Structures are given as C-alpha cells and as structure tokens.
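Here the structure comes first, spelled out in structure tokens, and everything after it is commentary.
Nothing in this text is a laboratory measurement; each read-out follows from the coordinates by a stated rule. Since this is a predicted model, take the numbers as computed values, not measurements. When we count neighbours, we look across all protein chains shown, and the Cβ atoms used for this are built from the backbone with ideal geometry, even at glycine.
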Amino acid sequence: MERLAATFGSLVILAVLAGGLTEATMALGGRGSLANDILLRPLKLGASPSVSPSTTPKPTVSATPSPTPVATPAPTPAVPTATTNSYPIVHMRVGKSASTAIVTDLNGGTVVQLLSDSDAQWQQVRYNGFTGYIYKIYLTY
C-alpha cells in the first residue's frame, strides 16, 4: 500500500493506492475512489481535469399523446310539463275559448308539454305532435 498526495489545479487529493483503485480524501472533506491511472497521468498546467463523454446512450423521451377530449353535449333544458287532472276527458282546443274547435281529447293523467303562451285561464300545450290550448283548471302543475 502506498500513500500519495496529488493536486489538480486547486484541488488537493490525499490517496492510498491499493490494487487498481485509490481511496481518496479531498482537501474539502469529500471522499471517493479513483482509478490509479488518473493519479499517474501528467497534469497540464492551467488545465483542469476533463471528463470524457459517456458512451451510455441517453434515454429517449417519447411524448405520450394525451387523450382526445370528447365533447359533452349540452344538456337539453327540461321542458316544463303539466298533467291533465282526473276528469275522464280533457279537450285540447285550437284557441283560447270553449267555442273553438277541439284538436284532440286527452284522458285524465296525460302529461303535456307547456308552451310559453298562457293567460289567467288558458295554457298553450303540446302533446303527441298536436299544439293547442287547455283550460288551466284541468291541469295539475
């Protein structure tokens, strides 16, 4: 076993040579192992030790495609509805009067869509493709 002191620029290495590796203590307290041939290489003045580039292939980074966003359809606004009350038959009429023609007759318990035209007595409704008016007392909201 041989003891050795070496300098690399401003770096001082105190080393113990044994076999092919050298246990080294740096002047600033760091410890490590060096290959003996590094300590035996001539040092060029003013040059700092160079590190040879690694021949280990660098990992390649491949982009993982992010999932394609799926468009969520906008919710269909709920159509307001009412139910014809328990009278056996409720008339859906062409206009807002009991004297207008009957579009269709609805059984009690039939659900109808409410349309925007209404007043204190009549409600415009849609049922099964028909549009007409029902007297409001015959509807349960």
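From the square roots a ≥ b ≥ c of the eigenvalues of the alpha-carbon gyration tensor of region 63-115, which class results: rounded (a/c under 1.5), prolate (a/b over b/c), or oblate? Because a/c hits 1.5 or more and a/b exceeds b/c, region 63-115 counts as prolate. With the simple spin-label model, which puts each label point 7 Å out from Cα in the Cβ direction, the Ser66 to Gln121 separation comes to 6.2 nm.
Given the convex hull of the Cα atoms of region 81-140, what is a quarter of its surface area in nm²? Walk me through the numbers on the way to the answer.
Values: hull surface 13.9 nm².
Taking a quarter of the hull surface, the average projection is 3.5 nm².
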